[in-house]
Amino acid sequence: MQRPAKSELSYWRDQALTGACLATARYGAHQFERHVHDELVIVMTEDGAGRCETRAGSDVSGPGTILVCAPGEYHSGRVWEDRAWNYRAIYLDMDGLNALGSVFSADLPESRRLFIPPGLYRDEALSKLLAAAHAGADAPERAPLMERQAHWWQAMGTLFGRYGQPKPALGDVERESRKMAQVRDYLDAHYRENISIDALAALAGLSRFHLMRAFRKEFGIPPHAYASQRRLIEAKKMLAAGHSPAAAAAEVGLYDQSHLNRLFKRAYGVTPGTYAGLHPQ
């Protein structure tokens, strides 16, 4: 691959993943001096490769891998063969780990704080899942909070479920149908709002991770997808009644008309304007 003309490093935060700093990096030939982070560091390589060296040895992180550095773990590294290394990274501090633990279990004690053994994990599907959640946070204003939370927590739940401790708790499955019907009814009444999964979990009396799993099991799609479908159904009704796509987008709680266009065409294969033209007034 072509070496970037200069190194590029960007940091930002997304409120959907509490206590985390996110980064994208593009390096050509580069040497990382020995250093330490006070966060759990999770790196997903998109292109190229980088070598990380710790007391336990060295690993080369390439596409399809997940590199984990534990808090307080001294390490150094370099771009592999001085070519290029493009990656996405998640830095989870102690508050972030505690917050994520509460997503998996509402009563997780601090003594059982989440932990992943440091090292290199070769898991292409999970690497893509984490990278997709990370990419979705590039422009958080473009996606509802509940959707970003769902993507983050699905990715992080899969990561800790496969390689971390403790495993995400699923809780008691009894009476879930009634609870999920209550959540569905709430979404039907409030789909226009930027609802958080926290609110839905509190309504059902479940951990947030359990809520997402139970809702998908009951209705076949996660809560944010259900809310999105409700918006599209109501937008269709408005378009058929003669309202403009812009008015429909605003009424159903979407960011703007272009957001409605993307969702509508993805779901129905036509744009809102084309659909409206099928219903002349």
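Values in this text are rule-based calculations from the coordinates and carry no lab data. What you see is a predicted model; the values in this text were computed from it and never measured. Cβ: placed from backbone, ideal geometry, glycine included. Neighbour counts: every protein chain shown.
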Please arrange 54, 274, 45 by how many other C-beta atoms lie within 10 Å of their C-beta, fewest to most. 274, 54, 45
As an exercise, find the ratio Rg/Rh for the stretch 30-91 from alpha-carbon atoms, using the Kirkwood inverse-distance average for Rh. 0.93
Which of rounded, prolate or oblate describes the stretch 226-277 when judged by the alpha-carbon gyration tensor and an a/c cut-off of 1.5? rounded
Helix 257-268 versus the longest principal axis of the chain: what angle, 0 to 90°, nearest 10, using Cα atoms? 80
Simple spin-label estimate for residue 135 and residue 261 in nanometres, 7 Å along Cα-Cβ: 2.1
Between residue 122 and residue 35, Cβ-based FRET efficiency (R0 25 Å, step 0.05) works out to 0.50
Taking the Cα centre of the stretch 226-277 as the origin, how large is its charge dipole in debye, to the nearest 20, when only Lys and Arg (+1) and Asp and Glu (-1) carry charge on their Cβ atoms? 200
May I ask you to list the trypsin sites (Lys or Arg not before Pro) in the stretch 4-112 that are in a DSSP loop and have at most 10 other Cβ atoms within 10 Å of their Cβ? 6, 55
Residue order, fewest to most beta carbons within 10 Å, for 94, 44: 94, 44
Within a Cβ distance under 13 Å of residue 156, other residues only, what is the Lys/Arg minus Asp/Glu net charge? +3
So if I place +1 on the C-beta of Lys and Arg and -1 on the C-beta of Asp and Glu, and nothing else carries charge, what would the dipole magnitude of the chain be about its Cα centre? I want it in debye, nearest 20. 740
Only counting other Cβ atoms within 10 Å, I'd like 80, 12, 85, 152 sorted with the fewest neighbours first. 12, 80, 152, 85
For the chain, what percent of Cα pairs sit more than 35 Å apart? 28
Using Cα-Cα distances under 8 Å and only pairs 6 or more residues apart, what relative contact order does the chain have, in percent? 15
Distance from the stretch 124-139 to the stretch 10-31 (C-alpha centre basis), Å: 12
Expressed as a whole number of Å, what is the distance separating the alpha-carbon centroids of the stretch 207-237 and the stretch 60-106? 30
Return the Cα extents of the stretch 8-163 along principal axes one, two and three, sorted largest first, each rounded to a whole Å. 44, 37, 24
Where a label projected 7 Å from the Cα of residue 12 along Cα→Cβ would reach, residues of the stretch 240-275 with amide N under 18 Å: 255-256, 259
Write down, largest first, the equivalent ellipsoid semi-axes of the stretch 175-227 in whole Å, where each equals the square root of 5 times an eigenvalue of the alpha-carbon gyration tensor. 15, 12, 10
